[in-house]
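Here, each number is a calculation from the coordinates, and none is a lab measurement. All figures in this text were calculated on a predicted structure; none of them were measured in a lab. FYI the Cβ positions are ideal-geometry reconstructions off the backbone, even for glycines, and counts take in every protein chain you see.
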Amino acid sequence: MAKKTRVILVGIGGATCSGKTTLAKHLKRILPNSVIIHQDDFTPPQEQVPMHPVHNVQDWDAAPGAIVWPRMISFLREVKATGQIPAGHRSHDHLNEQKDVPIPVEVRDRWVTVFEGLAARRAAEGSEDIVWGLVDGFLMYWSPEVIEQLDVRIYLRVQHDVLRQRRHERHGYHTAVQSDPEGTLWRDPPMYWEQIVYPAFIDAHRDVFENGDVENGAPTGKVAGLVLLESLSMTMGDAVNRSCEVISAFIG
Ligand SMILES: Nc1ncnc2c1ncn2[C@@H]1O[C@H](COP(=O)(O)OP(=O)(O)OP(=O)(O)O)[C@@H](O)[C@H]1O
Ligand SMILES: [Mg+2]
């Protein structure tokens, strides 16, 4: 009989430009059999992105319309059931520019060894193989149906001014159009951060943090076991370390 595969989904949430994709890519290089699932690949096609009722621009950020939720939820269920990214799924993330934020090589090597050891032990015991799905998104903890699919729940907190600065330094986003391998390049119109991006992010996370204080509050119970990383007071190496501790404890 073929050995079963178990998929463990690791959510990596936080605002735009909080470092989610950077962290996910470091973890992918450490975890054997891992794939990254970008929530950005579940946005609607550009022509279906709703208009903001007041500011009269397309709103890529308000949670209800920003993601095609049924598609993302059924995708996560399918990944869990099969242990594979479904055939035909295309990601546009490789088109996005990505500045490297390196981590010490010892950090990477140490965790590679730990996870290789865990995999070898499971193999010796005849336990099922593990596939890691690193799910990276700016609306990771909005939908209860997404949250319940995630086995480990990480959140990167970064203060507003740093986020805004990083976002302004970005040239644009390649948006997901499943039928078009090039996607479309989106550039923020003037005031987009102030009017659309940041208010929508705060709205979508009010109930994740006590007193609705997304910037400073402790986690409420909405997201059980949320691992809050205060990203600006740690290095990327620390963030990788902490994430690996939590992830290895999950199967250890
Ligand atoms: N710890 C860090 N120190 C310095 N720069 C960082 C750090 N983390 C991320 N950055 C930089 O911030 C920018 C955004 O990072 P990244 O693409 O990982 O964010 P993101 O959360 O995936 O954003 P988005 O949701 O918009 O895709 C990049 O230029 C990245 O190099
Ligand atoms: Mg990203």
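Points worth noting:
- By DSSP, the beta bridges lying fully in the chain are antiparallel in about 20 percent of cases.
- Exposed loop sites, defined as GluC sites (Glu not before Pro) outside DSSP H, G, I, E and B with at most 15 other Cβ atoms within 10 Å, are absent from the longest region of the chain, namely 1-96.
- Nearest 10 degrees, 0 to 90: helix 20-30 Cα axis against the chain principal axis: 20 degrees
- Tilt relative to the chain, helix 160-169 - C-alpha long axis, 0 to 90 degrees, to 10: 80 degrees
- Computed Kirkwood radius, in angstrom, where 1/r is averaged over Cα pairs of the stretch 5-251: 18.8 Å
- Extension gain, E210 to R110: 0.36 nm times the residue separation minus the Cα-Cα distance gives 32.4 nm.
- Value of D in µm² per second that Stokes-Einstein yields for the stretch 1-152, Kirkwood Rh from Cα pairs, at 4 °C (1.567 mPa s): 76 µm²/s
- In the chain, the longest principal axis of the Cα atoms and the axis of helix 236-251 are about 50 degrees apart.
- Cross-link table K25/K80; K80/K222; K25/K222, entries beyond 25 Å C-alpha to C-alpha: K25/K222
- The value of relative contact order for the chain, using C-alpha pairs under 8 Å at least six residues apart, is 34 percent.
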